[in-house]
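To start, the structure under review is shown below, and the notes come after it.
Where a number appears in this text, it was derived from the coordinates with a stated rule and is not lab data. Just so you know, these numbers come straight off a predicted model, no measurement behind them. As a convention, Cβ positions derive from the backbone with ideal geometry for all residues, glycine included, and neighbour counts pool all protein chains shown.
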Amino acid sequence: MKHLVIASLAAFSLFSCQSPNNSEEFSQDAQEKTAAAYYNFGDSTFTVEDAFSAAELVSNFAASGEDSAWATVAGPITQVCTTKGCWMSTAIDSNNNLFVDYDYEFLLPTNSQGQNMVMYGYIYWDTTTVAQLRHYAEDRGARQEEIDAITEPVAEYMFKAKGVKIERSTDA
């Protein structure tokens, strides 16, 4: 009888020490699953929710009249530096790309073209020199004729990323 009482008390104390699932634990589990769905580069503390497309960002920025604006942007990587992964671009529309660099704070995989990403940073307006344009063309593997055809600087929207998350493939 004494053993039955001790076993009952032990079982009661084990069950009473358990805490029920709460929303904080669920939220942490959801964050861990979201983090596991991406490869992170640079500052990965930003959230992927409520990200703009590059087209929405450029449109909103143009209308704002600001010099720069911080934002989270999502979309496919349309081009990437195939030498080091030191820059990329994402589509604004079928004819224009948003150039993205990260000041060598991190590098992306050189084979990440076509993958979906989410990035955090700021958009600004700048002019890219002929020398820079030719260098970027070389980085993406352009033919010499295409490189030689670059003769004018280009004023364009640019993005400075502080962090990039590339979606992991679901094919596992």
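Kindly write out, for region 59-67 in residue order, the coupling ³J(HN,Hα) from the Karplus curve 6.51 cos²θ - 1.76 cosθ + 1.60 (θ = phi - 60°), rounded to whole Hz, with x marking Gly and Pro.
Each residue of region 59-67 in turn: 4, 5, 5, 4, 6, 6, x, 7, 7 Hz.
Treat every Asp and Glu Cβ in region 44-172 as -1 and every Lys and Arg Cβ as +1, leave all other atoms uncharged, and give the resulting dipole magnitude about the Cα centre to the nearest 20 debye.
That gives region 44-172 a dipole magnitude of about 360 debye.
Work through the residues other than Ala149 whose Cβ is under 15 Å from its Cβ and net out their charges, Lys, Arg +1 and Asp, Glu -1.
Values: positive: Arg134, Arg140, Arg143; negative: Glu138, Glu145, Glu146, Asp148, Glu152.
In short, -2.
Take Ile123, Ile92 and order them by how many other Cβ atoms sit within 10 Å, fewest up front. Provide the component values of the computation, followed by the final result.
On the way: Ile123 25, Ile92 20.
By the 10 Å Cβ count, ascending, the order reads Ile92, Ile123.
For each of Cys86, Cys81, count neighbouring Cβ atoms within 10 Å of the residue's Cβ, then give the residues from fewest to most.
Lowest to highest Cβ neighbour count: Cys86, Cys81.
Counting other beta carbons within 10 Å of each residue's own, what order do Thr128, Thr151 fall into, fewest first? Numbers along the way, then the final one.
Working: Thr128 16, Thr151 8.
Ordered from fewest to most neighbouring Cβ atoms within 10 Å, Thr128, Thr151 come out as Thr151, Thr128.
For a protection proxy built on the mean count of beta-carbon atoms within 10 angstrom, sort 102-111, 157-166 highest first, please.
Top of the packing list down: 157-166, 102-111.
Length gain on complete extension for the stretch Asp50 to Thr78, per 0.36 nm per residue less the alpha carbon to alpha carbon distance?
8.0 nm
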